[in-house]
1. For ARG370, indicate whether it is in a helix (DSSP H, G or I), near ligand 1 (Cβ under 8 Å from one of its atoms) and out of contact with any helix residue (DSSP H, G or I) (no Cβ under 6 Å at 6 or more places or on another chain).
2. Tell me which residues, restricted to the stretch 366-387, are over 14 Å from LEU321 (Cα atoms), of a type outside the set (Val, Ile, Thr) and away from ligand 2 (no atom under 11 Å from the Cβ).
3. When the residues of the stretch 394-437 are filtered to those that are more than 8 Å from ligand 1 (Cβ to nearest atom) and among the small types (Gly, Ala, Ser), which remaining residue is farthest from GLY376 (Cα to Cα)?
4. Would you call LEU427 within 16 Å of ligand 2 (Cβ to nearest atom), outside the structural domain of ALA236 (by TED's automatic domain parsing) and in contact with a helix residue (DSSP H, G or I) (Cβ under 9 Å, 6 or more places away or on another chain)?
5. Which of the following residues is on the phi > 0 side of the Ramachandran plot and over 43 Å from the mean Cα position of the chain (by Cα): GLY376, GLY389, GLY369?
6. Considering only the stretch 37-56, how many residues are touching a helix residue (DSSP H, G or I) at 6+ places or on another chain (Cβ under 9 Å) and surrounded by fewer than 18 Cβ atoms within 10 Å (Cβ to Cβ)?
7. Within the stretch 222-265, can you find the residues that are touching a Cys at 6+ places or on another chain (Cβ under 7 Å) and farther than 23 Å from PHE414 by Cα?
8. From ALA67, ALA75, ALA17, grab the single residue that is within 24 Å of ARG152 (Cα to Cα) and either free of Cβ contacts under 8 Å to residues at least 40 places away in the same chain or touching a His at 6+ places or on another chain (Cβ under 7 Å) (or both).
Amino acid sequence: MRPIRSLSVRLLVLTVAFVMLAEVLIFAPSVARFRLDWLNQRLAEAALAAQTIEAAPQGMVTKVLEARLLAEVGAHLIDLTQPGGRVYMLATPMPPDPVASFDLRLAGPASLIAEAFAALARTHSRVIRVAGAVPHDPAAVVVVVIDEAPMRDAMAAFAGRILALSIVISLFTAGLVYLSLHRLLVRPMRRITAGIAAFRRDPEDGAAVLIPSGRSDEIGIAERELAEMQAALQTALRQKTRLAALGTAVAMINHDLGNILATASLISERLARSEDPEVVGITPRLMDALDRAAALCRQTLSFCRDGVLPLHCAPVALRGLVAQVGTEVLATRRQGDRERMITWDNRVADNLTLCADPGQLSRALFNLGRNALQAGAGRVTVAADRRPGHLRVTVADDGPGLAPRARDHLFLPFVGTSRTGGTGLGLAIARDVVRAHGGDLKLVDSGPGGTIFALELPERALLAGPEPSPGRPGRDESG
Ligand SMILES: Nc1ncnc2c1ncn2[C@@H]1O[C@H](COP(=O)(O)OP(=O)(O)OP(=O)(O)O)[C@@H](O)[C@H]1O
Ligand SMILES: [Mg+2]
């Protein structure tokens with residue numbers, strides 16, 4: 001940063017300028033006051049000189065004394081009028097005519113300032129007439145005719161002193177203000193800026209996180225907020241790095257798993273030729289499951305490579321797909337759970353056809369259904385209805401509702417699980433799938449009476465189905 005542009009230098013220049021401005025505002029009335037005092041002093045001396053005539057024998061002074069008195073005051077003429085009408089006058093033999101006349105009794109602040117500056121600016125000397133009250137006898141009026149030059153010289157000397165003092169005061173004040181601001185603002189700001197720059201250079205360096213100075217003012221708050229933001233960013237970065245490593249590992253596992261599944265598929269084809277009718281009966285389901293597992297491996301691989309979920313959309317009869325997912329969900333029940341009566345209530349209308357990836361859509365519904373079962377639900381109801389602008393597929397259960405941890409981290413991979421053995425991926429996967437279809441997965445409600453999730457799919461995904469009103473519920477129950 002160029003030094004002239006730095007905050008410190010700007011502060012210094014601004015402080016000097018403002019203090020000088022304040023001094024100028026004080027300067028004008030001070031000079032006017034100085035002129036008024038100077039003239040009043042002359043009038044007081046003049047009145048005193050005139051009063052000596054009163055004390056003189058027969059009210060007369062000698063020419064020599066008169067000249068000395070006038071010289072003492074610095075006046076060409078003195079005229080004192082007392083209340084009784086008595087007039088005392090002292091004058092040089094040929095007093096010059098005044099070119100300007102001022103009455104100090106009538107002068108207001110504005111005219112005093114204007115006259116003071118006019119006197120200061122004048123380059124030639126002139127003779128002026130000044131009238132005013134006598135200090136100890138306000139009823140008396142004293143008039144003097146004097147040269148303006150001595151007053152102007154005194155005023156110029158005074159203005160010079162004030163100017164010098166102003167410069168000293170402004171530099172001193174500016175220095176103090178500068179030092180305080182530098183210490184209070186500029187230095188901490190530089191520290192924060194350096195902290196931000198160091199963090200930008202290497203966001204993963206733990207030492208780059210700013211250590212707050214512990215101040216309680218706005219700078220302290222900024223430091224603490226920045227430090228917290230840097231720490232949160234580092235945690236997020238670490239998590240992202242771990243997830244990236246995990247992504248690579250998943251890609252590798254999927255690659256090898258794909259090969260293993262291909263072998264398993266070949267073997268299951270041979271099983272189909274078995275003599276045992278029971279084996280022949282279950283083999284198509286086994287082959288179907290293996291095919292879907294292999295497809296999942298391929299899709300996961302391309303997801304790891306391209307970062308987008310690949311969809312292979314086709315017309316899907318939703319009711320049939322929901323029924324198939326129900327069978328699979330119920331098949332995942334553990335031994336202890338098999339005695340428990342669980343109802344998969346399929347209320348999707350018969351004629352509802354979607355353009356969607358059947359494998360991915362089953363995946364989303366399967367995760368939602370399995371979650372309901374694992375939470376302890378006795379009934380899972382899947383329904384679909386057409387809303388303005390979208391198709392809504394709801395998965396509702398009568399389980400205990402979402403745990404606080406799951407609710408706080410809803411849809412966040414790995415962190416939302418509250419189940420022992422859960423990975424916290426099911427909801428994240430389901431939402432990714434619905435989003436890949438151009439829709440969104442939303443939590444509609446959750447409480448002690450159960451949980452409802454809604455898959456909102458865009459209207460364009462609907463190929464055939466009921467009019468925009470809740471579809472006539474069909475019913476498929478299994479337990
Ligand atoms: N229908 C539901 N009823 C109650 N809790 C639920 C329901 N669905 C999800 N949850 C809660 O949300 C958490 C996160 O679910 P999610 O499917 O993302 O992960 P998971 O089931 O724990 O693990 P997995 O990756 O194996 O699915 C669950 O642990 C569970 O506590
Ligand atoms: Mg789950």
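1. No, not satisfied.
2. GLY376, ALA377, GLY378, ARG379, ASP385, ARG386, ARG387 - these are the residues of the stretch 366-387 that are over 14 Å from LEU321 (Cα atoms), of a type outside the set (Val, Ile, Thr) and away from ligand 2 (no atom under 11 Å from the Cβ).
3. For the stretch 394-437, the residue satisfying everything is ALA436.
4. Yes.
5. Details: GLY389 fails: over 43 Å from the mean Cα position of the chain (by Cα); GLY369 fails: on the phi > 0 side of the Ramachandran plot.
Matching residue, one of GLY376, GLY389, GLY369: GLY376.
6. Matching residues across the stretch 37-56 total 3.
7. Once the filter is applied, which keeps residues that are touching a Cys at 6+ places or on another chain (Cβ under 7 Å) and farther than 23 Å from PHE414 by Cα, the stretch 222-265 yields GLY258, LEU261.
8. Values: ALA75 fails: either free of Cβ contacts under 8 Å to residues at least 40 places away in the same chain or touching a His at 6+ places or on another chain (Cβ under 7 Å) (or both); ALA17 fails: within 24 Å of ARG152 (Cα to Cα).
Among ALA67, ALA75, ALA17, only ALA67 is within 24 Å of ARG152 (Cα to Cα) and either free of Cβ contacts under 8 Å to residues at least 40 places away in the same chain or touching a His at 6+ places or on another chain (Cβ under 7 Å) (or both).
The values are calculated or read from the model by the stated rules, or taken from the named source; none is laboratory data. This structure is a prediction, so every number in the text was calculated from the model and none was measured. Heads up, the Cβs are rebuilt from the backbone with ideal geometry, glycines too, and the neighbour counts pull from every protein chain shown.
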